[in-house]
Amino acid sequence: MQAILRALAEPRRVAILKLVRSRELRAGEISRHFRTTRPAISQHLRVLIKAGLLTERRDGTRRLYRICPEGFAQLRSFLETFWDEKRLTSDPIVKEIYIEAPPSVVFKFLTDPLKMLRWMGIRAEIDPKPGGIYRLARSKWPRHNSERICRDRS
């Protein structure tokens with residue numbers, strides 16, 4: 001597993017894997033995509049083969065390279081040992097506040113990043129749709145002042 005992880009730590013090797021993921025390519029075809037020497041690409045190819053992520057097939061004098069699915073199955077199996085929802089999620093942050101305002105006003109302040117910035121003083125990234133993003137960036141939650149939200153009826 002160490003060899004696989006080391007091989008993937010090099011961006012050029014990842015780029016090589018992306019090139020050969022759907023079809024076989026010759027070393028020369030691979031090297032044309034990079035601003036480096038053919039011997040350097042050959043070294044990257046050897047590392048990927050040794051890691052079990054790439055296979056080499058000889059066709060006469062040509063060497064053809066393609067993805068090795070077994071190597072990726074091993075990597076996936078390794079990564080899935082970490083993919084336990086209980087381990088990946090920390091305790092939820094629970095913050096309960098009371099806001100003296102109608103729900104429609106509060107909703108606007110929780111779904112509009114500019115209003116949220118004015119109200120809470122935090123940056124927000126919001127994509128209000130199923131599967132969207134709701135991300136807040138602040139080191140500490142401010143004290144909430146319900147008057148601020150009640151005054152702004154827009």
Per 10 angstrom bin, beginning at 0 and ending with the bin that holds the maximum distance, the Cα pairs of the range 1-81 fall in percents of 19, 55, 23, 4, 0
How far apart, in nanometres, would the label points at T81 and R26 be if each is projected 7 angstrom from Cα along the Cα-to-Cβ direction? 4.2
In nm, spacing of pseudo-spin labels at D112 and S42 (7 Å Cα→C-beta vector): 6.5
Amide H of L64: which non-local residues (sequence gap of 5 or more, or other chain) have their own amide H closer than 5 Å, using H built in the peptide plane? R57, R58, D59
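We did not get these values from a lab; they are worked out from the coordinates using the rules stated. Values in this document were obtained by computation on a predicted structure and should not be read as measured data. Positions of Cβ are backbone-derived with ideal geometry, glycine not excepted, and every protein chain shown enters the neighbour counts.
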